[in-house]
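Asks: Here's a structure for you.
The values are calculated or read from the model by the stated rules, or taken from the named source; none is laboratory data. In this text the structure is predicted, and so the values were computed from the model without any measurement. Note: ideal-geometry Cβ built from the backbone for every residue, glycine included; neighbour counts use all protein chains shown. SASA here: full protein model, heavy atoms, side chains in, ligands and nucleic acids out. Shrake-Rupley method; radii C 1.70, N 1.55, O 1.52, S 1.80 Å.
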Amino acid sequence: MNDRVFGVFTLLLTFFYIFSAYIVEESFISDHIGPKTYPYIVSFFLISSSLFLIFKPDIKPKWPEFGKIIEILMTALILIMYAIFLPIIGFVFSTFFASSFISWRLGAKLSSAFVAGLIISVTIFILFRKILGLSLATGPFGF
């Protein structure tokens with residue numbers, strides 16, 4: 001029953017997503033897959049997935065234990081905090097903290113998680129900002 005409820009919720013959310021894409025006004029300077037086409041493509045996969053959950057649910061779903069649910073909620077909270085603090089403290093610091101936490105929760109030792117977070121944040125910053133020339137959130141130190 002849980003799969004069906006989630007499938008119906010996802011289907012309704014997808015219809016809202018399609019409507020949101022429909023009301024976007026395209027400028028005359030847009031590529032072939034612009035601000036409307038891409039959400040329509042994503043919507044196709046969302047509708048397919050939600051219909052699969054509605055019509056072919058898992059017979060005996062196995063829910064994670066309470067500790068794992070708390071861990072999932074903490075990770076979601078970290079990602080929300082990442083989005084909030086990204087424009088305030090910048091890309092490098094916020095990505096460092098978020099990727100370090102996620103690496104730690106995936107099983108790395110705390111010191112290894114910090115090293116992984118540092119490598120991930122600096123590498124992505126150099127790749128996107130310096131090599132590709134994309135704009136990233138800059139914090140008080142300019143990175």
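Asks: Taking T10 as the residue in question, decide whether it is within 30 Å of L134 (Cα to Cα), polar (S, T, N, Q) and open to solvent by less than 50 Å² (accessible area, probe 1.4 Å). Working first, answer last.
Replies: Values: within 30 Å of L134 (Cα to Cα): no; polar (S, T, N, Q): yes; open to solvent by less than 50 Å² (accessible area, probe 1.4 Å): yes.
So T10 fails the test.
Asks: So, one more: Out of the residues in region 57-77 that are among the acidic types (D, E) and assigned to a loop (DSSP other than H, G, I, E, B), which is farthest from A98 (Cα to Cα)?
Replies: D58
Asks: Please enumerate the residues belonging to region 116-143 that are part of a helix (DSSP H, G or I) and over 22 Å from the mean Cα position of the chain (by Cα).
Replies: K130, I131
Asks: Working carefully through the options S43, S20, S48, S100, find the one that is of a type in the set (S, T, Y), assigned to a helix (DSSP H, G or I) and under 30 Å from G139 (Cα atoms).
Replies: S100
Asks: Additional query: Does region 23-41 contain any residue that is more than 19 Å from the chain's Cα centre (by Cα), in contact (Cβ under 8 Å) with a residue 40 or more places away in the chain and exposed (fewer than 13 other Cβ atoms within 10 Å of the Cβ)?
Replies: Within region 23-41, none of the residues are more than 19 Å from the chain's Cα centre (by Cα), in contact (Cβ under 8 Å) with a residue 40 or more places away in the chain and exposed (fewer than 13 other Cβ atoms within 10 Å of the Cβ).
Yes/no per residue for (1) aliphatic (A, V, I, L, M); (2) free of Cβ contacts under 8 Å to residues at least 12 places away in the same chain; (3) surrounded by 13 or more Cβ atoms within 10 Å (Cβ to Cβ); (4) in contact with a strand residue (DSSP E or B) (Cβ under 9 Å, 6 or more places away or on another chain):
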{"site": "K62", "(1), (2), (3), (4)": "no, yes, no, no"}
{"site": "T75", "(1), (2), (3), (4)": "no, no, yes, no"}
{"site": "I80", "(1), (2), (3), (4)": "yes, yes, no, no"}
{"site": "I84", "(1), (2), (3), (4)": "yes, yes, no, no"}
{"site": "S103", "(1), (2), (3), (4)": "no, no, yes, no"}
{"site": "A116", "(1), (2), (3), (4)": "yes, no, yes, no"}
{"site": "I124", "(1), (2), (3), (4)": "yes, no, yes, no"}
{"site": "A137", "(1), (2), (3), (4)": "yes, no, yes, no"}
